[in-house]
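Colleague: Have a look at this one before I ask anything.
The values are calculated or read from the model by the stated rules, or taken from the named source; none is laboratory data. Note that this is a predicted model, so its numbers are computed, not measured. No Cβ is skipped: glycine too gets one built from the backbone with ideal geometry, and neighbour counts run over all protein chains shown. Accessible surface is based on the protein model in full, side chains and every heavy atom, while ligands, DNA and RNA are left aside. Shrake-Rupley method; radii C 1.70, N 1.55, O 1.52, S 1.80 Å.
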Amino acid sequence: DKVFVLCLGVFALVEYVHKDGKTLRLGFTTGSCAALAAKAAASMLLSGAISHESTILTPLGITLTVPIEDISIETNAVRCAVRKDAGDDPDITDGILVYANVSKTADGQMAIDGGKGVGRVTKKGLDQPVGSASINHVPRRMIEKELENLRKEYGYEGGFSVLIEIPLGESLAAKTVNP
C-alpha cells in the first residue's frame, strides 16, 4: 500500500510492505545513499549550483528523492552526504551519513572506490575482487548510470573519481558478525 505523508512541507511517497501480519515502512539501501550522494555531488560540481536534494530511480523502479546534507565544495571536488533511512528494518546503519566525494578527472574514466568506513573484500567469491572496496555491482552501476546521465546533460567529456565514505562504518561494523 502507498500512503502520502506531509514531511517538512513536502509531499513524499511512503511505501509499506505487509510481512508476517505486520505492516512495515520501506527504507532504502546504503548503495542507494551512495548513488544519491554521488549524483548530488557530481551535479553540483558540473553546474556550480548547490543542490539540497537528489533523486534517483532505484533498480526496483522506485523514484527516491532525499535531502542532501553536509555539503563541502572545492574548486574541482564536491563532498556531500545522504542520511540512511532503513525504514522498519532493524538495520545497524539506520540514520548514518553516507558520503560521496566526487572530483573531475581528465581521462574520461569513472573510478569508484571506498574510503573511511567502507570495508575491503578479503576473500574470493564475493561480488568484487579481493582488495577492492565492498561496493557491490548494483550500487556501482547506479552511480555510473547517474553520473553518465549528468555527463551527457552538461556536455562534460572528462571523467569522475568517486570516493564513498561512511565515517561511522568501522565502529558500526565492530557490532556485527562481519567486522
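Colleague: Mind checking which residues of the stretch 80-90 are in contact with a strand residue (DSSP E or B) (Cβ under 9 Å, 6 or more places away or on another chain), of a type outside the set (Asp, Glu) and open to solvent by less than 70 Å² (accessible area, probe 1.4 Å)?
Modeller: Cys80, Ala81, Val82, Lys84, Gly87
Colleague: Which residue pairs have Cβ atoms closer than 8 Å, lie 6 or more positions apart in sequence or on different chains, and pair a first residue in the stretch 137-150 that is among the acidic types (Asp, Glu) with a second residue that is modelled with pLDDT of 90 or more?
Modeller: If the second residue must be modelled with pLDDT of 90 or more, the pairs left are Glu144/Met110; Glu144/Ile112; Glu146/Ala35; Glu146/Ala38; Glu146/Lys39; Glu146/Ala42; Glu146/Ile56; Glu148/Met110.
Colleague: Based on what the data block shows, is Gly125 modelled with pLDDT of 85 or more and of a type outside the set (Asp, Glu)?
Modeller: no
Colleague: Looking at Thr105, Thr93, Thr122, can you tell me which residue is among the hydroxyl-bearing types (Ser, Thr, Tyr) and open to solvent by 60 Å² or more (accessible area, probe 1.4 Å)?
Modeller: Sole residue among the options that is among the hydroxyl-bearing types (Ser, Thr, Tyr) and open to solvent by 60 Å² or more (accessible area, probe 1.4 Å): Thr122.
Colleague: Please specify each residue of the stretch 91-108 satisfying the condition of being part of a loop (DSSP other than H, G, I, E, B) and of a type outside the set (Asp, Glu).
Modeller: Ile92, Thr93, Gly95, Ile96, Ala106, Gly108
Colleague: Sticking with this one: Is there a residue being basic (Lys, Arg) and part of a loop (DSSP other than H, G, I, E, B) anywhere in the stretch 73-82?
Modeller: There is no residue in the stretch 73-82 that is basic (Lys, Arg) and part of a loop (DSSP other than H, G, I, E, B).
Colleague: What's the number of the condition Thr58 fails, among (1) open to solvent by 60 Å² or more (accessible area, probe 1.4 Å); (2) polar (S, T, N, Q); (3) in contact (Cβ under 8 Å) with a residue 40 or more places away in the chain?
Modeller: (1)
Colleague: Still on this model: Does Glu148 meet the test of being open to solvent by 50 Å² or more (accessible area, probe 1.4 Å), out of contact with any Cys (no Cβ under 8 Å at 6 or more places or on another chain), modelled with pLDDT of 90 or more and part of a loop (DSSP other than H, G, I, E, B)?
Modeller: When the stated conditions are applied, Glu148 does not pass them.
Colleague: Give the stretch 25-71 a look and list any residue that's more than 18 Å from His137 (Cβ to Cβ) and part of a strand (DSSP E or B), or say none.
Modeller: Once the filter is applied, which keeps residues that are more than 18 Å from His137 (Cβ to Cβ) and part of a strand (DSSP E or B), the stretch 25-71 yields Arg25, Glu53, Ser54, Thr55, Thr63, Leu64, Thr65, Val66, Pro67, Glu69, Asp70, Ile71.
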